[in-house]
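Just below is one structure, and these are the notes that go with it.
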Amino acid sequence: MRTGEAVMKLVSLGYHFELVGEKVRYEWQGLGDPNAGQVAPLLDLVRKNKDAVRYFLCSFCPRCGGCCFVPDYEGRPLCLACDWAALVELYPDLGIKH
């Protein structure tokens, strides 16, 4: 399994990931306790491949799992799925239907 797939699987199970500077932070936010047998190998893969996880998290939306971003006027990345309404306001041509 690739590192990005492991992160996406952990997110779907209830983990939250974020980059804080160069550090990868993750915490369980799901209901109950995580299934240790299921998450242990995934977390081990994440721990052993922190550089790849950092690279993946730079282009991963924790809200929807998407990976396509467009910058706003200040250079902050906006997710094409989650922030569509804001992007259409910033770039009206995105809302034109052909």
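Quick notes on this structure:
- Placing unit charges on the Cβ atoms of the charged side chains and taking the dipole of the chain about its Cα centre, the candidate lying farthest along the positive direction among Val20, Gly37, Ala52 is Gly37.
- Annotation for segment 1-63: GluC sites (Glu not before Pro) lying in DSSP loop with at most 10 further Cβ atoms inside 10 Å of their Cβ are Glu22.
- Per residue accessible area of the chain, 1.4 Å probe, in Å²: 70 Å²
- Whole-percent carbon and sulfur share, accessible surface of the chain, 1.4 Å: 55 percent
- Area projected by the alpha carbon convex hull of segment 6-60, averaged over all directions, nm²: 3.5 nm²
- Solvent accessible area, Å² - Arg54, 1.4 Å probe, full protein context: 50 Å²
The values are calculated or read from the model by the stated rules, or taken from the named source; none is laboratory data. The structure displayed is predicted, hence computed values, not measured ones. Every residue, glycine as well, gets a Cβ built from its backbone with ideal geometry; the counts of neighbours run over all protein chains shown. Surface accessibility is based on the protein's heavy atoms, side chains included, excluding ligands, DNA and RNA. Shrake-Rupley method; radii C 1.70, N 1.55, O 1.52, S 1.80 Å.
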